[in-house]
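Enquirer: The structure's right below; bear with me while I get my questions together.
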Amino acid sequence: AMQQRLTTRPTLGERRAIIIDPADDMEKSAVNALLKSLEEPPQGTHFLLIAHQPGRLLPTIRSRCRVLRFAPLDADALDAMLVRDLPQASSELRRAAIGAANGSAGIALAYVEHGLASLHDLMQDILRDGDAAFALRGALAEQIGARPTREKLFATLDLARATLSAGLVDMPRERQLRVIEAHGELTRLAERAPTYNFDAGLLVMEIGGLLASAAMPREAA
């Protein structure tokens, strides 16, 4: 489909942008087709390849690309964005959203828009204390409600990953490994979420279980 689009000229302007996300998950046939397009790009066409693990891209792809790294946004930038986009949010709520977002503009916005403060508090409790009795996971499921919007569910998954990875560099190595493993499972869960209907409560229980698996001490999970 992309190759067919590239044979036509842009209709609304002189330039066209093609975004491939995630580029590092492409199958071999797609990579080969992309490589041909990168070798002979149509005039005025710009390719934006979003790669979470650039090392998985073929060297022939990487050699034809310019690397642009996007660092997490700092607190001042996030606060300015929240003031601009959600002027009704109090300064206290903005500070809480910034603290939970781990540098992510999308998570900061979702924290305010979907009222994720209580969910975030419970996630932090699970990460700190574990959840041997499943009580906190039950509270998570109750907090999100019986019929949350899909947007809120996806925002909850994003928030869980941000909460999990906060402070990773300062953790003991043994815990770092568990956090990385749980983060990978959360990412795979997020990838599956759009493809079929989840029971919201069960989904949030699974999120809580992955957070508990990374808690300290291990036996509390």
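Enquirer: Please specify each residue of segment 107-135 satisfying the condition of being under 19 Å from residue 88 (Cβ atoms) and either among the aromatic types (Phe, Trp, Tyr) or without any contact (Cβ under 8 Å) to a residue 24 or more places away in the chain (or both).
Expert: 111, 115
Enquirer: Which ones in segment 19-53 are hydrophobic (A, V, I, L, M, F, W, C) and in a strand (DSSP E or B)?
Expert: 19, 20, 47, 48, 49, listed by residue number.
Enquirer: Is it the case, given these coordinates, that residue 115 is in a helix (DSSP H, G or I) and not acidic (Asp, Glu)?
Expert: no
Enquirer: Here are some residues: 125, 85, 76. Which one is surrounded by fewer than 12 Cβ atoms within 10 Å (Cβ to Cβ), of a type outside the set (Ser, Thr, Tyr) and at pLDDT 90 or above? Give the steps one after another, and end with the answer.
Expert: Working: 125 fails: surrounded by fewer than 12 Cβ atoms within 10 Å (Cβ to Cβ); 85 fails: surrounded by fewer than 12 Cβ atoms within 10 Å (Cβ to Cβ).
The unique qualifying residue is 76.
Enquirer: For segment 67-118, how many residues meet the condition of being out of contact with any helix residue (DSSP H, G or I) (no Cβ under 9 Å at 6 or more places or on another chain) and either assigned by TED's automatic domain parsing to the domain that holds residue 169 or closer than 17 Å to residue 158 by Cβ (or both)?
Expert: The number of residues fulfilling the criteria is 1.
Enquirer: Which of the residues belonging to segment 173-221 are modelled with pLDDT under 90 and in a loop (DSSP other than H, G, I, E, B)?
Expert: If the condition is that a residue be modelled with pLDDT under 90 and in a loop (DSSP other than H, G, I, E, B), then 196, 197, 198, 199, 216, 217, 221 are the ones that fit.
The values are calculated or read from the model by the stated rules, or taken from the named source; none is laboratory data. The shown structure was predicted, so the numbers you read here are calculated from the model rather than taken from an experiment. With ideal geometry, Cβ positions are generated from the backbone for all residues, glycine too; neighbour counts draw on all protein chains shown.
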